[in-house]
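Each reported figure results from applying straightforward, stated rules to the coordinates on display, with no laboratory input. Not measured: the values here are computed from a predicted model. Glycine gets a Cβ as well: all are built from the backbone with ideal geometry, and neighbour counts include every protein chain shown.
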Amino acid sequence: MEERESETSNKKKNKPWAFWSWAFASVIFRLILAYFPRNLNFSARPEVSTPLTSFRRLAEGYWLKQSSMSPYAGSMYHGSPLLLSILGPLTVRRYLWTSVNCSDVKIVCRYFILVFVIADFVTAMLIRSTGLNLQMAYNQSLKSLGLVRLLENSELILSGDIAALVYLWNPFTIISCVGLSTSPIENLVIMLSLYGACTRRVPLAAFGWVLATHLSLYPAILIVPVILLLGYGPDAPPRKLLLQKFRESCSCDCSSQDKEQTSLHKELANQSVQPMLFSWKPVVFFTLWACMWAFYVLVLCAISVKQYGGLREMFKRTYGFILTVEDLAPNIGVLWYFFAEVFDFFRNFFLIVFHVNILFMLLPLAIRLNHRPCFLAFVYIAIASMLKSYPSVGDLALYMGLLGLFINELAGKISIQLYADMQLSFFLFCGYVGVSLLSPVMHNLWIWRGTGNANFYFATAMAYACLQIILVVESVGAMLNHDRKLRKLSATAA
């Protein structure tokens with residue numbers, strides 16, 4: 001027994017060193033790939049760069065601004081003017097004219113990529129810290145339900161470490177970083193919001209949510225899980241289960257015990273099992289801080305675009321560009337093909353249908369998963385990345401990292417009695433690998449070789465969307481199944 005305890009203690013000591021070694025190895029791997037920008041050329045891939053995240057468009061917008069023209073002239077740049085002011089100076093003197101064809105511009109990204117490497121690393125650390133908070137809250141909930149034996153008889157995996165490494169070593173994360181997509185910046189501010197809400201750092205949560213909404217609009221729907229995190233706290237078993245346990249612990253037979261013993265028993269019960277009540281105070285503070293940060297962002301944007309049409313022009317060129325789907329260049333989404341084929345008479349109707357479809361899913365999911373706000377944020381991000389106008393693989397990288405936070409619940413690592421594995425996990429893995437390999441091939445056959453058509457590439461986009469739907473349905477079903485089994489164990493323990 002002593003040998004086993006020493007072995008387990010040695011493993012626990014070695015785990016942090018293993019995590020940091022793998023984390024720094026991912027940073028070194030990104031820096032190595034930065035020395036091969038011409039051979040890889042990920043920045044030209046439609047799966048990586050979109051009209052909103054393309055580094056080339058950002059460089060073009062900054063060049064227009066330096067030439068005393070509007071950065072939104074010519075329909076090239078459609079991002080935030082604040083992002084243009086921060087990252088734009090890094091694009092100066094980063095152009096190299098080739099001797100073969102002077103019309104081609106190659107971007108030297110060996111120094112610029114450091115920004116995205118740092119953003120990825122900070123995002124992974126925020127995911128890790130969020131995972132630690134979630135695991136501590138979940139362990140406390142199991143103790144409150146009287147299921148301490150599940151924690152003693154199981155070897156829990158540090159979900160924060162796993163999720164952070166999944167994000168750092170995800171091929172899509174690496175491709176987005178090396179491909180000079182601004183998706184790492186968007187993922188960073190989203191995680192700032194979730195981490196601030198999970199730790200109840202209200203100013204940080206409001207700052208991250210406002211910036212994320214300003215950069216890509218779709219993170220605005222994350223206000224629902226952020227409010228739930230601030231009001232209820234991190235993910236926990238269903239509140240009905242805790243309330244039932246609380247009532248059972250408070251009910252005792254007064255005839256068999258004295259009044260003093262009964263009151264003492266109730267006090268101990270109140271300390272061990274407490275129902276979670278919604279706290280409005282952090283939510284009100286979040287609203288005030290969000291209004292303040294939004295005001296600051298609008299003021300800075302107004303100063304930046306004062307000479308180029310003001311805020312009205314900025315809204316039209318950024319959020320209007322997102323909502324109207326003006327650019328029909330191929331990407332891994334499904335909207336570009338649909339609106340290329342639909343009649344102009346029905347265009348506005350289907351624009352409303354696609355965008356409102358996201359909003360229709362918010363309320364039912366929030367009602368069913370209100371006790372798991374972080375998992376709800378993962379579901380919202382996955383749905384938005386599936387139905388957004390200009391998706392990229394950087395969106396997949398974020399919600400795959402968030403999915404790793406729930407490995408103990410979804411993979412049955414707590415106990416075999418709580419085993420709620422995702423049945424189609426192997427199919428999903430093979431599907432994502434297949435789509436990743438077929439998408440460049442179909443794009444090459446259609447655009448460059450001319451032996452295919454748009455249906456070739458759109459087929460991979462449809463497969464990608466179907467995989468995302470299956471992932472969301474499977475993960476939600478597995479989490480709800482885990483909660484049902486948890487309810488049964490709590491009933492038997494009582």
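Counted by Cβ distance under 13 Å from residue 378, the other residues give a net charge of -3, where Lys and Arg count +1 and Asp and Glu count -1.
At an R0 of 51 angstrom, the distance between the Cβ atoms of residue 344 and residue 291 translates into a FRET efficiency of 0.85.
If you take the Cα centroid of segment 189-238 and the Cα centroid of segment 393-413, the two points sit 17 Å apart.
For segment 177-237, the mean projected area of the C-alpha convex hull, equal to one quarter of the hull surface, is 4.5 nm².
Considering every Cα-Cα pair within segment 424-481, what fraction, in whole percent, is farther apart than 18 Å? The proportion of pairs with Cα distances above 18 Å equals 42 percent.
For segment 298-347, which GluC sites (Glu not before Pro) are both in a DSSP coil and crowded by at most 16 other Cβ atoms within 10 Å?
Numbers: sites: 313, 326, 341; in loops: 326.
Those that pass, being in a loop and sparsely packed, are 326.
The local environment of residue 193, defined by Cβ-Cβ distances under 14 Å, has a net charge of +1 under the rule Lys, Arg +1 and Asp, Glu -1.
Annotation for segment 329-428: chymotrypsin sites (Phe, Trp or Tyr not before Pro) lying in DSSP loop with at most 13 further Cβ atoms inside 10 Å of their Cβ are 343. Counting charges near residue 439 (Lys, Arg +1; Asp, Glu -1) among other residues having Cβ under 14 Å from its Cβ returns a value of 0. When the trypsin sites (Lys or Arg not before Pro) in segment 441-494 are filtered for DSSP coil states and for at most 12 other beta-carbon atoms within 10 Å of their beta-carbon, the remaining sites are 449.
What percent does the relative contact order of segment 418-487 come to when contacts are Cα pairs within less than 8 Å and at least six residues apart? Kindly include the intermediate steps, with their values, before the conclusion.
Working: 42 pairs, mean separation 33.2, N = 70.
It rounds to 47 percent for segment 418-487.
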